[in-house]
1. I'm trying to understand the selection: among the residues of region 70-79, which are within 24 Å of residue 50 (Cα to Cα), of a type outside the set (A, V, I, L, M) and either touching a strand residue (DSSP E or B) at 6+ places or on another chain (Cβ under 8 Å) or at pLDDT below 95 (or both)?
2. Which numbered condition trips up residue 79, out of (1) surrounded by 13 or more Cβ atoms within 10 Å (Cβ to Cβ); (2) without any contact (Cβ under 8 Å) to a residue 24 or more places away in the chain; (3) not aliphatic (A, V, I, L, M)?
3. Taking region 3-19, which residues are within 12 Å of the chain's Cα centre (by Cα) and under 15 Å from residue 73 (Cβ atoms)?
4. Report yes if residue 36 is touching a residue at least 60 places away in the same chain (Cβ under 8 Å), among the β-branched types (Val, Ile, Thr), surrounded by 15 or more Cβ atoms within 10 Å (Cβ to Cβ) and touching a helix residue (DSSP H, G or I) at 6+ places or on another chain (Cβ under 8 Å), otherwise no.
5. Do you know which residues across region 20-38 are of a type outside the set (A, V, I, L, M) and more than 11 Å from the chain's Cα centre (by Cα)?
6. Which of the residues belonging to region 34-64 are over 16 Å from residue 7 (Cα atoms) and of a type in the set (D, E, K, R)?
7. For residue 67, are the conditions met, namely being touching a residue at least 12 places away in the same chain (Cβ under 8 Å), exposed (fewer than 11 other Cβ atoms within 10 Å of the Cβ) and either under 12 Å from the mean Cα position of the chain (by Cα) or over 17 Å from residue 7 (Cα atoms) (or both)?
8. Since residue 3 meets every condition but one in (1) at pLDDT 95 or above; (2) loosely packed, with under 10 Cβ neighbours inside 10 Å, which condition does it not meet?
Amino acid sequence: MVITDVHVRKVDEGGRMKALASVTFDDVFVVRDIRVIEGNNGYFLAMPSRKLPNGEFRDVAHPVNPGMRHELTELVLNEFASQER
């Protein structure tokens, strides 16, 4: 599976969430609402999630292996950084 498109939209809500990203895979499948979060040790991605009846959150979509998570994180944060300049 190849990431074929990344769109990042900055948000200015004064909190730790800095942007929302949409990522397209193989030009046929898109995952929206990936959040770029400013953490204590730098930026990280939070995948789209939903709140369960017990109050916990569960990811709706997420990488299933570390290699894809690394690739996704790198591409989204690079696009975010290019908008910072």
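The values are calculated or read from the model by the stated rules, or taken from the named source; none is laboratory data. Because the structure is a prediction, the values reported are computed rather than measured. Heads up, the Cβs are rebuilt from the backbone with ideal geometry, glycines too, and the neighbour counts pull from every protein chain shown.
1. The answer is 71, 73.
2. Unmet for residue 79, out of (1) surrounded by 13 or more Cβ atoms within 10 Å (Cβ to Cβ); (2) without any contact (Cβ under 8 Å) to a residue 24 or more places away in the chain; (3) not aliphatic (A, V, I, L, M): (2).
3. Once the filter is applied, which keeps residues that are within 12 Å of the chain's Cα centre (by Cα) and under 15 Å from residue 73 (Cβ atoms), region 3-19 yields 6, 8, 18, 19.
4. On the way: touching a residue at least 60 places away in the same chain (Cβ under 8 Å): no; among the β-branched types (Val, Ile, Thr): yes; surrounded by 15 or more Cβ atoms within 10 Å (Cβ to Cβ): yes; touching a helix residue (DSSP H, G or I) at 6+ places or on another chain (Cβ under 8 Å): yes.
No.
5. As a first pass, look at region 20-38 and keep what is of a type outside the set (A, V, I, L, M): 22, 24-27, 29, 32-33, 35, 38.
24, 25, 26, 27, 29, 38 - these are the residues of region 20-38 that are of a type outside the set (A, V, I, L, M) and more than 11 Å from the chain's Cα centre (by Cα).
6. Selection gives 38, 50, 51, 56, 58, 59.
7. Numbers: touching a residue at least 12 places away in the same chain (Cβ under 8 Å): no; exposed (fewer than 11 other Cβ atoms within 10 Å of the Cβ): yes; either under 12 Å from the mean Cα position of the chain (by Cα) or over 17 Å from residue 7 (Cα atoms) (or both): yes.
So residue 67 does not fit the description; no.
8. Condition (2) is where residue 3 drops out.
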